Amino acid sequence: MPELPAPSVPQAPAPVHEPRREDCPWCGSGRLRNRLRTGDLRQYKPGSFTVDDCRDCGHTFQNPRLTAEGLAHYHRTVRGAPLDPTADALVALRGSRQRHLSAVRAMRPFGEPESWLDVGTGSARFPATAREFFPYTSFDGLDVNPDVTRAVAAERVEEAHVGRLSDPRISGPLRARYDVVSMLHHLEGAPDPRAELRAALHVLRPGGHLLVETLDPRSVFAALLGRWWLPYDQPRHLHLLPPRNLRAELETTGCTVLTLDHRPTHIPHDLSGATSLALSHALPTPDTPWRAIPPPPFQRHAREALLRAGLPLVGLAALADHALAPLARRTRMANTYRVIARKPA
């Protein structure tokens, strides 16, 4: 008789979280405190996420951290997922042309570089903007998303690298190749921001410049708004670095910190982002691909109508954000900061 095929063994799903840490990933202190517990407020994917901070150095991090598979899952766009146009538009402000122009202008006093690597470049919109000011600079891009290779065909970058800069297979061949390395809102999504910083210095030439823009967990709005503070963006943001930690890390490696400033980088979206998220979650739950039972039609229509009715409230919050922006940029209310450092020659 022919042998029957062996029964298939179901594969265990890949773990989404790493083991929980009992110490700070930045300084090693065991004095941790919980900042918040929340779900995926923007995409409504199932799961619960915890953000802790260190009482000693102030480093703020997701704990337990997502695995590589979990991070890819929560970054993945799923057809049929609910859209929150207001929150998505506020997040897009970080990558707006105005923000890019501000970063490029900050680099102009240091002259035109020969080569520039933009880490976490996405579709390479920042190199395309920077090329307007530095037409003779050779721009390359790096991102974990393979779509970055399309930026070469679009002539936004000359070379595209796929992966993490901290991967020796990427940073090794690029050693001392660039005059400038930029990381705009990249470190908050990196599993190991210290390794990314060390790799950036590895690929910089002696005397080269590192440009970093990232979120400030010390912002007053982070404490006031809690889980509704848009920059937490769980579960996609893994680390938020206080400015003093980033400065100390760069100075430890011998770099000279030339600029540490909140004023040009503060993004006025704290109140409007919180209002948008809170309004969305106060209404009936939207239909999602991961719901076992879809909501009835009247519930979907009621949600859409109430969201439209709440838009003036989000607009008022946006006006308050912009009215407070001049004060926020000069105080602890600022949510973003910029660092420019020079590698020792």
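Every read-out reported here was derived from the displayed coordinates using simple, explicitly stated rules and does not represent laboratory data. Being a predicted model, the structure only gives us computed values, none of them experimental. No Cβ is skipped: glycine too gets one built from the backbone with ideal geometry, and neighbour counts run over all protein chains shown.
Observations on the structure shown:
- Cα-based shape type of segment 233-281, given that a ≥ b ≥ c are square roots of the gyration tensor eigenvalues and the cut on a/c is 1.5: oblate
- Residue ranges 205-214, 240-249, 101-110 sort as 205-214, 240-249, 101-110 when ordered by packing (mean number of other C-beta atoms within 10 Å per residue, highest first).
- Cβ-based exposure ranking for Asp40, Asp179, in which fewest neighbours within 10 Å come first: Asp40, Asp179
- The value of relative contact order for the chain, using C-alpha pairs under 8 Å at least six residues apart, is 18 percent.
- Contour excess over end-to-end distance, with Cα ends at Ala72 and Arg175 and 0.36 nm allotted per residue: 34.3 nm
- Cα-projected label distance for Ser102 with Leu319, points at 7 Å along beta-carbon direction, nm: 2.3 nm
- The order of the peptides 125-136, 191-202 by mean Cβ neighbours within 10 Å, most packed first, is 191-202, 125-136.
- Global form of segment 155-247, assessed from the alpha-carbon gyration tensor, a/c cut-off 1.5: prolate
- Local net charge near Pro264, Cβ-Cβ under 11 Å (Lys/Arg +1, Asp/Glu -1): +3
- Approximate shape of the chain as ellipsoid semi-axes (Cα gyration tensor, √5λ), whole Å, largest first: 33, 27, 22
- Taking 0.36 nm per residue of separation and subtracting the current Cα-Cα distance, fully stretching the chain between Ala345 and Arg263 would add 26.6 nm.
- Dipole axis of the chain (+1 Lys, Arg; -1 Asp, Glu on Cβ), positive-most option in Leu240, Ser166, Leu260: Leu260
- Dipole check for the chain: with +1 at the C-beta of Lys and Arg, -1 at the C-beta of Asp and Glu, and the Cα centre as origin, the magnitude is about 780 Debye.
- Each Lys or Arg adds one and each Asp or Glu subtracts one; over the other residues with Cβ under 14 Å from the Cβ of Leu71, this totals -2.
- Antiparallel bridges, percent of DSSP beta bridges restricted to segment 109-204 (to nearest 5): 0 percent
- Selected from Gln98, Gln234, Gln62 as most flexible by GNM, with the chain as the system and alpha-carbon contacts under 10 Å: Gln98
- Selected from Ser123, Ser280, Ser48 as most flexible by GNM, with the chain as the system and alpha-carbon contacts under 10 Å: Ser48
- Fluctuation leader among Gly120, Gly111, Gly226 - the chain, Gaussian network, Cα springs under 10 angstrom: Gly111
- With R₀ set to 25 Å, the beta-carbon distance separating Asn145 from Ser48 gives a calculated FRET efficiency near 0.45.
- Annotation: average projected area of segment 279-345 is 9.1 square nanometres, based on the convex hull of Cα atoms across all directions.
- Residue among Cys27, Ala292, Leu311 farthest towards the positive dipole end of the chain, charges placed on Cβ: Leu311
- Share of Cα-Cα pairs in segment 201-345 lying beyond 22 Å, as whole percent: 54 percent
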